[in-house]
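The values are calculated or read from the model by the stated rules, or taken from the named source; none is laboratory data. Being a predicted model, the structure only gives us computed values, none of them experimental. Reconstructed Cβ throughout: ideal geometry from the backbone, glycine too, with neighbour counts over all protein chains shown.
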Amino acid sequence: MSYQTILVEQNKGVVEITLNRPEKYNALTSQMAFDMMDAIKKATRDSTARAVLITGAGRGFCAGQDLSETDNRDENYSFRNHLLKTYNPMAMAIRQLEKPVIVAVNGAAAGAGLGLALAGDIRYASEKAKFVPAFIGIGLVPDTGVSYWLPRLIGPTRAAEVLFTNQHISASQALDWGLVNKVCEPDALMDEVRALAHKLAHSPTLAIGVTKRMLNHSLGVSFADQIDYEAYLQDVTGRSEDYSEGVTAFQEKRAPVFKGR
Ligand code: LHQ
């Protein structure tokens with residue numbers, strides 16, 4: 001399947017999605033959001049797709065909304081409607097995909113592009129990456145989940161300063177603050193991220209997907225509710241082939257072969 005704004009390749013269980021408008025720093029258009037949602041939907045349905053990797057072509061990761069697309073809006077244009085049909089469902093599709101989503105932040109991630117990066121589960125950044133709120137720089141408020149993730153990831157006090165002042169966060173600062181898992185040399189980024197994605201794709205991906213569901217759930221509930229939910233979900237993974245294989249391989253002192261079911 002080919003798309004107008006993204007490239008999608010699948011290799012040994014890993015779906016690699018590349019935002020592909022490099023001349024625009026991969027700025028988001030409605031079409032890009034639709035292409036992303038379609039690619040995520042296909043990854044959801046395809047049982048051979050066991051991990052997803054998202055990155056950007058060229059120098060930038062994603063500059064957020066393509067500001068030239070919104071230039072010609074008329075008085076009936078609704079920011080809300082635009083978000084409800086594009087970046088909100090895109091971010092939600094990534095959160096609801098019960099497979100690991102790794103983001104390789106190769107360059108600037110700004111505005112809704114920051115939201116896209118934060119929607120992933122694990123982030124590796126190039127030393128050249130930067131994380132830019134952008135919204136306040138053009139008189140807007142955060143969207144695409146940025147006001148949800150940022151205080152949770154870096155703390156509400158830092159999030160307030162970053163969002164109010166449009167602070168550009170460097171890769172090393174992002175690592176210190178827990179916004180990314182790892183910072184890589186630019187030329188090594190894709191090798192490192194692919195190695196992680198392939199490792200995850202050969203892990204018990206059913207249990208990883210259910211862990212993701214559990215982590216999503218934990219963001220809005222009490223401790224009592226969460227441990228109840230854990231017990232409920234352990235019944236799902238406890239009946240999986242991967243669990244039988246994991247225990248058998250342990251007893252036979254060999255490496256397990258997990259199939260994600
Ligand atoms: C761009 C963009 C861009 C087009 C760089 N569009 N071309 C939702 C709903 C509806 C409406 C509004 O918004 C939203 C959500 C949002 O995402 S709001 C936030 C929108 N994004 C921004 O305001 C970011 C604007 N860009 C920047 O702050 C910088 O360009 C960043 C930090 C991304 C990169 O900085 P630099 O590395 O210094 O690169 P640059 O500024 O030189 O940009 C490189 C090129 O990319 C340049 O084109 P050119 O032809 O001059 O080389 C920029 O015009 C283009 N570009 N962002 N959003």
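Looking at the range 234-249, can you tell me whether even one residue there is part of a helix (DSSP H, G or I), modelled with pLDDT of 95 or more and in contact with a Gly (Cβ under 8 Å, 6 or more places away or on another chain)?
So far as the range 234-249 goes, yes, one or more of its residues are part of a helix (DSSP H, G or I), modelled with pLDDT of 95 or more and in contact with a Gly (Cβ under 8 Å, 6 or more places away or on another chain).
Might you check whether a residue that is near the ligand (Cβ under 8 Å from one of its atoms) and touching a helix residue (DSSP H, G or I) at 6+ places or on another chain (Cβ under 8 Å) occurs anywhere in the range 35-50?
no
(1) more than 26 Å from S172 (Cβ to Cβ); (2) surrounded by fewer than 16 Cβ atoms within 10 Å (Cβ to Cβ); (3) within 9 Å of the ligand (Cβ to nearest atom): which one isn't true of R59, the others all being true?
Failing condition for R59: (1).
Among all residue pairs at least 6 apart or on different chains, which show Cβ distances below 8 Å where the first residue, located in the range 89-114, is among the basic types (K, R) and the second is within 16 Å of the ligand (Cβ to nearest atom)?
Filtered contacts from the range 89-114: R95/A119.
Name the residues in the range 43-62 that are assigned to a loop (DSSP other than H, G, I, E, B) and closer than 30 Å to P204 by Cβ, would you?
Of everything in the range 43-62, those that are assigned to a loop (DSSP other than H, G, I, E, B) and closer than 30 Å to P204 by Cβ turn out to be D46, S47, T48, A49, R50, F61.
Of everything in the range 9-24, what is within 16 Å of the ligand (Cβ to nearest atom) and either buried (at least 22 other Cβ atoms within 10 Å of the Cβ) or in a helix (DSSP H, G or I) (or both)? Give them in sequence order.
Once the filter is applied, which keeps residues that are within 16 Å of the ligand (Cβ to nearest atom) and either buried (at least 22 other Cβ atoms within 10 Å of the Cβ) or in a helix (DSSP H, G or I) (or both), the range 9-24 yields L19, R21, P22, E23, K24.
Determine if the range 63-83 includes at least one residue that is part of a loop (DSSP other than H, G, I, E, B), modelled with pLDDT of 95 or more and either more than 8 Å from the ligand (Cβ to nearest atom) or among the small types (G, A, S) (or both).
Yes, because at least one residue in the range 63-83 is part of a loop (DSSP other than H, G, I, E, B), modelled with pLDDT of 95 or more and either more than 8 Å from the ligand (Cβ to nearest atom) or among the small types (G, A, S) (or both).
Take the residues in the range 112-138 that are more than 9 Å from the ligand (Cβ to nearest atom) and small (G, A, S), then tell me which one is surrounded by the most Cβ atoms within 10 Å (Cβ to Cβ).
So, considering only residues that are more than 9 Å from the ligand (Cβ to nearest atom) and small (G, A, S), the one surrounded by the most Cβ atoms within 10 Å (Cβ to Cβ) is A125.
Per-residue answers, yes or no, for (1) over 17 Å from the mean Cα position of the chain (by Cα); (2) over 18 Å from I122 (Cβ atoms):
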site: M1; (1), (2): yes, yes
site: V8; (1), (2): no, yes
site: N11; (1), (2): yes, yes
site: S30; (1), (2): yes, yes
site: D35; (1), (2): no, yes
site: A49; (1), (2): no, no
site: C62; (1), (2): no, no
site: N72; (1), (2): yes, yes
